[in-house]
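**Student:** A single structure is presented below for examination.
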Amino acid sequence: MPANYPSWNDSIYHTHSNAKPTRWRYVKGVLAIRVENATYRGCLPFNGILELVSEQPEKVNGEDRYQVYCAWFGVKPPSKYPRILVGEGHFEIISNYSGEVIDNLSTQDSSLNEIPVRGESLPEEIEKTDNLIEGAVRTISINAYERNPIARRQCINHYGSSCYICGFNFGAIYGETAEGYIHVHHLKQLSEIGSEYVVDPVVDLRPVCPNCHAVLHCRIPAYTIEEVQEFIREQKNA
């Protein structure tokens, strides 16, 4: 079960035809449901895995719906957690699931100001795209570049969630609460990109802990992965 989502307020859309999964989190040993073409509050049909509140469906207007631990535009709906609609034969109950689950359904409209909760990303990272494209500049409090959640997940699926530089693993140190947390570093300097490019999650990205990520960016242009690894070796041999 995730941390409590912020409460519903009148500014939240009751329905939205363009809403879809926009955030994920890591879970361990939970009751989950794998869905195909699921919907909620008129959103786009989506596929994926969600953490279940209960294995038993609820009848809503004569339809079976499954209640899941997931936010709608960053908040908990007013009465219950989202009760998603799934078609017959288009879902699978998983009794002991560990991995990523959908944590939020919303749009990518930056004007909606979703409220972040505990999830897969850390504050330094920004996630707002679906296609594996990096480099579109926008201003938050400083100029930032889009960080793609799909590319991020593919990078971590390939390299794992331990730091590529020092080997630090959040789950090994802090336990289940922090399992799966990690930054993702772009080897190609996004600040040097003048136009969009298609990112290869395995070639262009590496998982790194916040400390190593900070050291990488101690200069402009950033240090390389190999240079920071050498810093660590030098200190160990000093």
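**Student:** Residue check, residue 49 against (1) among the hydrophobic types (A, V, I, L, M, F, W, C); (2) more than 22 Å from residue 14 (Cα to Cα); (3) over 20 Å from the mean Cα position of the chain (by Cα); (4) crowded, with 18+ Cβ neighbours inside 10 Å, all met but one. Which one?
**Tutor:** Going through the list (1) among the hydrophobic types (A, V, I, L, M, F, W, C); (2) more than 22 Å from residue 14 (Cα to Cα); (3) over 20 Å from the mean Cα position of the chain (by Cα); (4) crowded, with 18+ Cβ neighbours inside 10 Å, residue 49 breaks only (3).
**Student:** Being within 16 Å of residue 100 (Cα to Cα) and assigned to a loop (DSSP other than H, G, I, E, B) is the filter here, so list the residues in segment 1-49 that pass it.
**Tutor:** Correct list: 1, 2, 3.
**Student:** Please go through segment 83-112 and give me each residue that is in a strand (DSSP E or B), hydroxyl-bearing (Ser, Thr, Tyr) and either at pLDDT below 90 or surrounded by 19 or more Cβ atoms within 10 Å (Cβ to Cβ) (or both), ordered by number.
**Tutor:** Answer for segment 83-112, where residues must be in a strand (DSSP E or B), hydroxyl-bearing (Ser, Thr, Tyr) and either at pLDDT below 90 or surrounded by 19 or more Cβ atoms within 10 Å (Cβ to Cβ) (or both): 97, 98, 106.
**Student:** Only one of these is buried (at least 21 other Cβ atoms within 10 Å of the Cβ), small (Gly, Ala, Ser) and either free of Cβ contacts under 8 Å to residues at least 60 places away in the same chain or not assigned by TED's automatic domain parsing to the domain that holds residue 77 (or both): 38, 32. Name it.
**Tutor:** 38
**Student:** If I ask for residues that are in a loop (DSSP other than H, G, I, E, B) and over 22 Å from residue 10 (Cα atoms), which ones from segment 52-79 would you list?
**Tutor:** Listed by number, the residues that qualify are 53, 54, 55, 56, 57, 61, 62.
**Student:** Is there a residue being farther than 23 Å from residue 169 by Cβ and modelled with pLDDT under 85 anywhere in segment 201-214?
**Tutor:** Among the residues of segment 201-214, not one is farther than 23 Å from residue 169 by Cβ and modelled with pLDDT under 85, which makes the answer no.
**Student:** Would you call residue 80 at pLDDT 85 or above and either within 21 Å of residue 157 (Cα to Cα) or of a type in the set (Val, Ile, Thr) (or both)?
**Tutor:** no
The values are calculated or read from the model by the stated rules, or taken from the named source; none is laboratory data. All values derive from a computational prediction rather than experimental measurement. Every residue, glycine as well, gets a Cβ built from its backbone with ideal geometry; the counts of neighbours run over all protein chains shown.
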